[in-house]
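Heads up, the thing below is written out as structure tokens.
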Amino acid sequence: MIERPAAVVRELVENAIDAGARKIDVIVRNGGRSYIAVTDDGCGMGRKALALAVERHATSKLPDDDLVNISTLGFRGEALPSIGAVSRLKITTRETETDSGWSIHIHGGLRGIPGPAPMPGGTKVEVFDLFYATPARLKFLKSGRSEQQSATDTINRLAMAHPEIGFSLRGDGERPLVTLPVNTGDMFDVRLARLSAILGKDFADNAVRVDAVRDNLRLTGHIGVPTLHRGTARHQYLFVNGRPVKDRLMGGAVRGAYRDFLARDRHPMAVLFLDIPPAEVDVNVHPAKTEVRFRDAGTVRGLIVSALRHALAEAGHRASTTVSDAALGAFRPPSGNGHAGRAPGVPTNGRPAADHGAGFNGMAETATAWQGPNPPNGQASGVFNGVAAPTASQVEPTDGDDSTFDNPLGAARAQVHRTYIVSQTADGIVIVDQHAAHERLVYEEMKKAMANGGVHRQGLLIPEVVEMDDETANALIARRGDLAEIGLVIEKFGGGAIVVREYPALLGDGDIQGLVRDLADEIVEMGREFSLKEKLDEVCGTIACHSSIRAGRSMNGDEMNALLRQMEATPHSGQCNHGRPTYVELKLNDLERLFGRR
């Protein structure tokens, strides 16, 4: 279906892939309006095959007219005739084992006769004046830059699925828009190299390998750790038998797999390849062939969810390196223009860049003052040139054994602002958000307890009474059986009041009133159509938040080290339940560069 220039590019590149090409070169001029050319070094066509290729519903890609086991990207026999009907089309081709090539022209649907033409091998398809025969469609195309970007995205998606093929794309300028060389070697290494070239080094550095088999299905690919997330699902690329698709079932499975790790408005980065017998999937659902339908959708969804969760568990407490990059960018000293040479994309706490740089300039002036000579005339050491000395919060020193530096999260050295733990590793430092880290640990412990028969409960000597409106109280009481399974035993106490008799032991001295009110709000929002067990992860997350170490609580050295060791032993502890990082790691080399030691 030809709706825009990107559709032409997709159809022609898919034909080149089906032809066994090892190198595909694409040119798009004026966003594809004036000129599109796709050249490949595939098997090419003979005179008869060329004449057949431009006939409607005629194709050589379906041996024995088998419409069930489709193994090629193209199969309908509509692309070339449809393109020729709305443009001036020229095809030049030569079979690899012959000495002469052939060429054919189609203008607005009027076909010529194949004639001899020089061609080194493979096929070159040129499209001139796209939609000249349908001016209405031409009128509603987007800008040249937008159409060019759409064509680039099309090339990138196909290149992800075929890293063994080299791709190039040129636009109106001399500089190539896309240059992707042929990759050879191990399948996962080859794919990751291609993904790094397209999605960037950040994705490659923070990708987790996926490889799972169930029955006759295989799912492979790479997914980002939860702390590498985006505001939209645009960076999720899904492929079925090498075909780029936009499938709701697969996208929903990805969201389900990350449900424990990301806030609702954040989306993971993922590139997944599903290999499935052609007879088990219908690729002819949508005219653009971007949607598919599975014979056994439940098995496909189950495979994706379990494979991704297993891969994330294998990642352990790993967090995205972009978190450290952002921290280093915030620490970086000011440049000559007064701005703090921060890394691109590093937030400035809501202030414009100029204010951010000014803050660093103020810090530099303060540092200069404190590097001056001793104060004259016995001036108090806490003040110099009118600048007061900064105060440090009192922390308990930790005397950890040097061997603990070899642990991934090192040995605790201090607690800053009663919220952040500073730890020393063998080659750097780690800064841990104590609340976010403990929240994840409690959450994982609750899930384990639920799987083993229920959460341990603790009785209240004096029951806690929680006041709320009648509607909310009734909604909470209606779910009291499910709440008891997660350790919360409640009863109606007249009017809109709820009395709590037992609560999860993990909550300790936590805020029972706040927990009950938050749970009540969530249950009312879910409505009656949802079973509480279906949303158990969200409920457990609420309990974990109320049960974890709060910011502002002092911790001694043993407590801090115990938290670090538990994080190292707990999967997914690199991020809290909302996708925020629980720690930032800064390498010694980076710190030395910040202070000009390197």
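The values are calculated or read from the model by the stated rules, or taken from the named source; none is laboratory data. Because the structure is a prediction, the values reported are computed rather than measured. For neighbour counting, all protein chains shown are included, and Cβ atoms are generated from backbone atoms with ideal geometry for every residue, glycine included. We work out accessible area using only protein heavy atoms, side chains counted, and drop any ligands, DNA or RNA first. Shrake-Rupley method; radii C 1.70, N 1.55, O 1.52, S 1.80 Å.
Out of ILE512, ILE498, which single residue is of a type outside the set (Gly, Ala, Ser), open to solvent by less than 20 Å² (accessible area, probe 1.4 Å) and at pLDDT below 85?
ILE512
If you go through segment 66-96 one residue at a time, how many are of a type in the set (Lys, Arg) and buried (at least 22 other Cβ atoms within 10 Å of the Cβ)?
Total meeting the criteria: 1.
Confirm whether GLN434 is of a type in the set (S, T, N, Q), in contact with a strand residue (DSSP E or B) (Cβ under 8 Å, 6 or more places away or on another chain), at negative phi and without any contact (Cβ under 8 Å) to a residue 60 or more places away in the chain.
no
Within segment 446-460, take every residue that is under 23 Å from ALA520 (Cα atoms) and among the hydrophobic types (A, V, I, L, M, F, W, C) and give me the one that is surrounded by the fewest Cβ atoms within 10 Å (Cβ to Cβ).
Step by step, filter segment 446-460, then rank; the result is LEU460.
Right, LEU563: modelled with pLDDT of 80 or more, hydrophobic (A, V, I, L, M, F, W, C) and touching a His at 6+ places or on another chain (Cβ under 7 Å) or not?
Against the criterion (modelled with pLDDT of 80 or more, hydrophobic (A, V, I, L, M, F, W, C) and touching a His at 6+ places or on another chain (Cβ under 7 Å)), LEU563 qualifies.
Being surrounded by fewer than 21 Cβ atoms within 10 Å (Cβ to Cβ), small (Gly, Ala, Ser), within 18 Å of GLY579 (Cα to Cα) and modelled with pLDDT under 95 narrows it down to one residue among GLY231, GLY242, GLY224; which is it?
Exactly one residue qualifies, and that residue is GLY231.
Considering only residues that are in a helix (DSSP H, G or I), among the acidic types (Asp, Glu) and open to solvent by 40 Å² or more (accessible area, probe 1.4 Å), which ones fall in segment 1-35?
ASP18
Hey, does segment 485-493 have a residue that's touching a helix residue (DSSP H, G or I) at 6+ places or on another chain (Cβ under 9 Å), open to solvent by 40 Å² or more (accessible area, probe 1.4 Å), assigned to a strand (DSSP E or B) and closer than 21 Å to HIS456 by Cβ?
For segment 485-493, residues touching a helix residue (DSSP H, G or I) at 6+ places or on another chain (Cβ under 9 Å), open to solvent by 40 Å² or more (accessible area, probe 1.4 Å), assigned to a strand (DSSP E or B) and closer than 21 Å to HIS456 by Cβ: present.
Condition first: in a strand (DSSP E or B) and of a type outside the set (A, V, I, L, M, F, W, C). Now tell me which residues in segment 36-62 satisfy that.
THR39, ASP40
Look through segment 111-161, keep the residues that are under 30 Å from ASP186 (Cβ atoms) and among the small types (Gly, Ala, Ser), and return whichever of them is modelled with the lowest pLDDT.
The residue in question is GLY121.
Of all residues being part of a loop (DSSP other than H, G, I, E, B) and closer than 22 Å to ARG22 by Cβ in segment 89-102, which is farthest from the chain's Cα centre (by Cα)? Just the residue, please.
My answer is ASP99.
Would you mention how many residues in segment 403-445 are outside any helix (DSSP H, G or I), of a type in the set (Gly, Ala, Ser) and open to solvent by less than 50 Å² (accessible area, probe 1.4 Å)?
The total comes to 6.
Which pairs have Cβ atoms under 6 Å, sit 6 or more apart or on different chains, and link a residue in segment 147-175 that is within 13 Å of VAL28 (Cβ to Cβ) to one that is among the hydroxyl-bearing types (Ser, Thr, Tyr)?
As it stands, the answer is SER168/THR179, since those pairs meet every condition given.
For the subset of segment 162-179 comprising residues that are of a type in the set (A, V, I, L, M, F, W, C) and at pLDDT below 95, which member is farthest from the chain's Cα centre (by Cα)?
LEU177
Taking segment 446-478 on its own, how many of its residues are outside any helix (DSSP H, G or I) and touching a residue at least 24 places away in the same chain (Cβ under 8 Å)?
The qualifying residues number 14.
Here are some residues: LYS492, LYS448. Which one is charged (D, E, K, R) and either farther than 30 Å from ILE431 by Cα or at pLDDT 85 or above (or both)?
None of the other options fit; the residue is LYS492.
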